[in-house]
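Notes to accompany the following structure.
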Amino acid sequence: MTLTTLAHLLADAERGGYAVGAFNVSDLNQAVAVLDAARAERSPVVVQAIAGTSAYDDEGWWWDQLLAVVESYADVPVGLHLDHGRHRDDCVRAMDHGFTSVMIDASRSVDDDEPNDLETNIALTREVVELAHARGVSVEGELGTVGGAESGANGIVEELVYADPEEAAHFVEATGVDALAVAVGTSHGTVKFTDPSGGERLRPELVAAIKERVPGVGLVLHGSSSIPPEYVETINAHGGALTPSYGIAPEAKVAVVAQGIRKVNQGADSHLAWTAALRTALAERPAEVEPSAAVAQARQAMSGIIRRRMREFGSAGRATAV
C-alpha cells in the first residue's frame, strides 16, 4: 500500500491506540526525508504542504512532483495532506493535484486578524467537506485557537483559547469532518512559550473529554513541536538569530496520544534539525560550492528527528497493520 486517505490512516491509528505523525515539507528533499524515516521505522505517515509555502515558483508543478515522490514509496502507507488551507479554493486546488486529504482552517478569518465565530467556521468547513467527500478526499477542520504564528502573535502565545467539548460535538455533527484539530494548549511556530511552564498548558483531560463526545473522529494536535534547544543553539552558533523558547515535551505528547490524539502535526522540530545540519555543513566546508553534500546532511538530520517522533507517537512498526 502507498497513497491512502487520512480517514483510513486515522481509523487504523484508533484501532492501534497510536498517533500518525504529519510532517510539513516545503521541497522535494524534505519529502524524501519524511518518507525515508517512515520506511526505516515501518511507520504510516502523513506528508503535508501549506499553500504558498515552497521552494518553487509554480505551486501546481510542486504539488504534482510531491505526489510523484509520495507514490514512489510503494511500501509506505502515506497520506498527502494540505495543511491549514485558508480558502475553499486552496482545498479544491489540492484535490485537483491528487491530495488525499485537506484541512480547511476556518477557525480564524482569512487575514488571521481575529477568530471566526462558530457558525461561520461550520459553514465554511461544511462546504469543503461536501466537495471533498464527493471526490473520496478526507477533511480536517479546526476548533478553538491554536496560538502562535497562526494567530499573528509573532510566534509567542500568552493566552490560549481552548476547545470546548460541547462545541466539538456540535461542530462534528454539523460539518461531517473526518478529523478535528483541537486547541488543547499548544502553539504554532519556532517560538512557542517564553517560560518553562508554557508546555504544561497542554491538557490531556480536555483531549479525553472531547474524545468522549466525538468518538468517530480523529483528533489532531497542532503546534506540538518540542523545540530542542541543541538545534536552536547550533543555528545561532552558525549565524542564526532564533529566540530561545520552550516547546511541548515528548512525554506530554505521549500523554495526549494515550487520551485519544490520533494525528500529531510537526513542522518546527524537523525544520530546526534541517537548518542546524545545513548551517553546520556549510560552515565546516566553506570552500564547497556543490550543494549535494550539505543538502544530504540536512535531509539525514530531518529524517533522524522524524524517526524519533514516530517512535514517541507509537506509529513505528505499524505499517504492516495499515
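Overall, the accessible surface of the chain at a probe of 1.4 angstrom is composed of carbon and sulfur to the extent of 52 percent. Using C-alpha pairs under 8 Å with a sequence gap of at least 6, the mean separation divided by the residue count of the chain gives a relative contact order of 22 percent. Relative to one another, the C-alpha centroids of region 244-322 and region 40-71 are positioned 16 Å apart. Between Q259, Q300, Q65, the Gaussian network model of the chain with springs among Cα atoms under 10 angstrom shows the greatest mean-square fluctuation at Q65. Across region 239-250, rounded Karplus estimates of 3J(HN,Hα) from the backbone phi angles (6.51 cos²θ - 1.76 cosθ + 1.60, θ = phi - 60°) give x, x, 9, 7, 7, x, 8, 10, x, 9, 5, x Hz, Gly and Pro being marked x. Working from Cα pairs under 8 Å separated by at least six residues, relative contact order for region 15-106 is 27 percent. I want to verify a result. In a Gaussian network model of the chain, Cα cutoff 10 Å, which of these has the top mean-square fluctuation: L143, L118, L202? Sorting by GNM fluctuation, first place goes to L118.
Only one residue of L82, T234, S107 has its Cα farthest out toward the positive end of the dipole of the chain, where Lys and Arg carry +1 and Asp and Glu -1 on Cβ, and that residue is T234. Ligands, DNA and RNA are left out, and with a 1.4 angstrom probe the accessible area of the chain is 39 Å² per residue. Within the listed set A277, A179, A40, the residue fluctuating most in the Gaussian network model of the chain (springs between alpha-carbon atoms under 10 angstrom) is A40. Kindly identify region 1-125 as rounded, prolate or oblate by the Cα gyration tensor criterion: order the square roots of the eigenvalues as a ≥ b ≥ c, call it rounded if a/c is under 1.5, otherwise compare a/b with b/c, prolate if a/b is larger, else oblate. Since a/c reaches 1.5 but b/c is at least a/b, the shape of region 1-125 is classed as oblate.
By its C-alpha gyration tensor, with a ≥ b ≥ c as the square roots of the eigenvalues, how is region 85-144 shaped: rounded for a/c under 1.5, else prolate for a/b larger than b/c, else oblate? It is prolate, given that a/c is not under 1.5 and a/b is the larger ratio.
The values are calculated or read from the model by the stated rules, or taken from the named source; none is laboratory data. The structure displayed is predicted, hence computed values, not measured ones. For neighbour counting, all protein chains shown are included, and Cβ atoms are generated from backbone atoms with ideal geometry for every residue, glycine included. The accessibility values were calculated without ligands, DNA or RNA, using every heavy atom of the protein model including side chains. Shrake-Rupley method; radii C 1.70, N 1.55, O 1.52, S 1.80 Å.
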